[in-house]
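Here is the structure we will look at.
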Amino acid sequence: MNKKKILVPLGDKSYEVTLEAGILDNICEELLKIGITKKRKILVISNEEISNLYGEKLLNYFKDNNFQAHIFLIKPGESYKNLKTLTEIYDVAFEFGLDRNSVIIALGGGIVGDVSGFAAATWLRGIEYIQIPTTLLSMVDSSVGGKTAVNHPKGKNLIGAFHQPKAVFIDPETLKSLPKREFNAGMAEVIKYGVIQDKKLFEFLEIENNKNALINLTNEYLIEIINSSIKTKSFIVSQDEHEKGIRAILNYGHSFGHVIENLCGYGKYLHGEAISIGMNIAGKIAIEKGLWSQEELEKQKHLLESYDLPTEIPKINKEDVLTILMGDKKVRDGKMRFVLPKGIGEVDIYDDVEDSLFLKFFS
């Protein structure tokens with residue numbers, strides 16, 4: 001089988017991402033390899049839809065191999081990524097008796113991973129957790145890098161912590177149960193890696209044969225793009241774990257994406273769809289600043305749209321756009337910072353973008 005291992009090198013917090021079709025069937029063996037013994041309690045956090053597909057199977061594996069495991073289901077959707085859900089997890093952790101030697105496993109997409117990771121970061125001042133992402137977006141982005149968070153009514157991911165997982169296990173087979181729209185949303189993050197640092201990946205995604213293979217969920221091609229994306233993220237995170245500098249380039253498309261998610265209401269656009277629109281806005285700003293060419297902007301737009309991702313900017317009040325942007329985590333010393341492309345495969349961070357330069361794109 002085509003098994004990939006990617007090291008995220010962070011000193012004593014280093015861990016491996018293991019990527020293999022069918023790895024969920026051998027999860028107990030994988031856990032033993034990384035020191036998760038049968039004496040340690042495991043709390044699996046998921047949602048109902050994912051649990052029906054994989055959660056019960058996982059619990060049966062644990063039971064058959066004499067692991068102590070319990071599953072707790074959180075409600076799906078961005079609106080439940082909040083402190084109330086976090087408190088519910090704490091209640092279950094207390095009832096199940098999670099101690100400092102226990103482990104939390106996040107089984108699901110980005111919301112499950114973010115909330116589970118923050119619960120692990122804060123329960124008993126921090127316990128180990130493992131990511132088993134089941135969506136393309138969470139595989140290539142949120143499961144790696146240690147960002148954990150819940151939302152605040154004033155903004156996305158405002159309450160959180162950096163807490164690296166013990167390990168990440170990725171089974172591309174789980175993508176076969178993913179709705180097409182969710183898969184496409186994940187492709188926005190893959191395309192993002194191509195724009196920010198991996199021109200070779202961008203060009204791979206442009207090839208019609210590769211595109212068809214990905215849309216048909218061919219494991220070999222899925223593993224190729226997931227592996228490339230994680231390698232880029234691992235390289236960047238290893239240089240800047242807490243986002244003091246270069247790691248901010250991973251936010252390409254995210255400043256405006258978060259604005260769109262917030263002002264259009266969570267749920268109207270999936271995260272990846274909002275990021276796709278945000279990438280198009282960032283690309284337009286880059287044209288205004290003379291950073292890259294119209295041809296490159298069109299190439300990005302065409303690639304996003306070829307995976308059925310939106311690029312059209314919704315009608316949003318300009319004053320509301322400014323309010324949300326100024327509340328963003330990426331604001332430093334009162335200045336908004338934007339990640340803008342200088343070409344396919346290269347971006348930089350700018351804090352000299354005038355409001356008028358981007359507000360004209362909003363109605």
Notebook entry, point to check: Between the range 4-31 and the range 45-101, what's the alpha-carbon centroid distance in Å?
Noted result: 20 Å
Note to self: Quick check: from the Cα gyration tensor, does the range 169-298 come out rounded (a/c under 1.5), prolate or oblate?
What the structure shows: rounded
Notebook entry, point to check: In the range 226-270, which GluC sites (Glu not before Pro) are in a loop and have at most 14 other Cβ atoms within 10 Å, using DSSP for the loop call?
Noted result: none
Next item on the list: Would you mind getting me the FRET efficiency between Lys3 and Glu48? Use the beta-carbon distance for r and R0 = 41 Å, nearest 0.05.
Entry: 0.85
Next item on the list: Name the most mobile residue of Pro314, Pro153, Pro76, meaning the one with the largest mean-square fluctuation, in a Gaussian network model of the chain with Cα contacts below 10 Å.
Entry: Pro153
Notebook entry, point to check: Counting only DSSP beta bridges with both residues in the chain, what percent are antiparallel, rounded to the nearest 5?
Noted result: 40 percent
Item checked: Extension gain, Leu322 back to Asp355 (0.36 nm per residue minus Cα-Cα distance, nm) -> 11.1 nm
Next item on the list: Would you mind calculating the gained length between Asp99 and Leu124 on full extension (0.36 nm times residue separation, minus the Cα-Cα distance), in nm to one decimal?
Entry: 8.3 nm
Note to self: Please compute the modelled spin-label separation between Glu346 and Ser177, points set 7 Å along Cα→Cβ, answer in nm with one decimal.
What the structure shows: 4.5 nm
Notebook entry, point to check: With no solvent and one point on each alpha carbon, what is the Debye value of log10 I(q)/I(0) for the range 4-177 at q = 0.08, 0.10, 0.15, 0.18 Å⁻¹?
Noted result: -0.20, -0.32, -0.77, -1.17
Check: Among residues other than Gly35 whose Cβ falls under 10 Å from its Cβ, what is the net charge (Lys/Arg +1, Asp/Glu -1)?
Finding: +2
Item checked: Linear extension gain, Glu56 paired with His242, 0.36 nm per residue minus alpha-carbon span -> 63.4 nm
Notebook entry, point to check: Net charge near Arg181, counting Lys/Arg +1 and Asp/Glu -1 over other residues with Cβ under 9 Å of its Cβ?
Noted result: -2
Checklist line | Within the chain, longest stretch free of exposed trypsin sites (Lys or Arg not before Pro) [DSSP loop, at most 10 other beta carbons within 10 Å] | finding: 155-243
Next item on the list: List the GluC sites (Glu not before Pro) within the range 65-150 that fall in a DSSP loop (any state other than H, G, I, E or B) and whose Cβ has at most 15 other Cβ atoms within 10 Å.
Entry: none
Notebook entry, point to check: What number comes out for the charge environment of Asp171, summing +1 per Lys or Arg and -1 per Asp or Glu over other residues with Cβ under 9 Å away?
Noted result: -3
Note to self: Rounded, prolate or oblate for the range 223-363? Axes are the square roots of the Cα gyration tensor eigenvalues, ordered a ≥ b ≥ c, and the cut-off for rounded is a/c under 1.5.
What the structure shows: rounded
Notebook entry, point to check: In this model, which of Lys233/Lys301; Lys4/Lys176; Lys289/Lys315; Lys199/Lys315 are farther than 28 Å apart at the alpha-carbon?
Noted result: Lys199/Lys315
Checklist line | the range 184-246 shape via C-alpha gyration tensor axes, a/c threshold 1.5 | finding: prolate
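Read the figures in this text as sums done on the coordinates, not as results from a lab. Because the structure is predicted, anything quoted here is derived from the model rather than measured. FYI the Cβ positions are ideal-geometry reconstructions off the backbone, even for glycines, and counts take in every protein chain you see.
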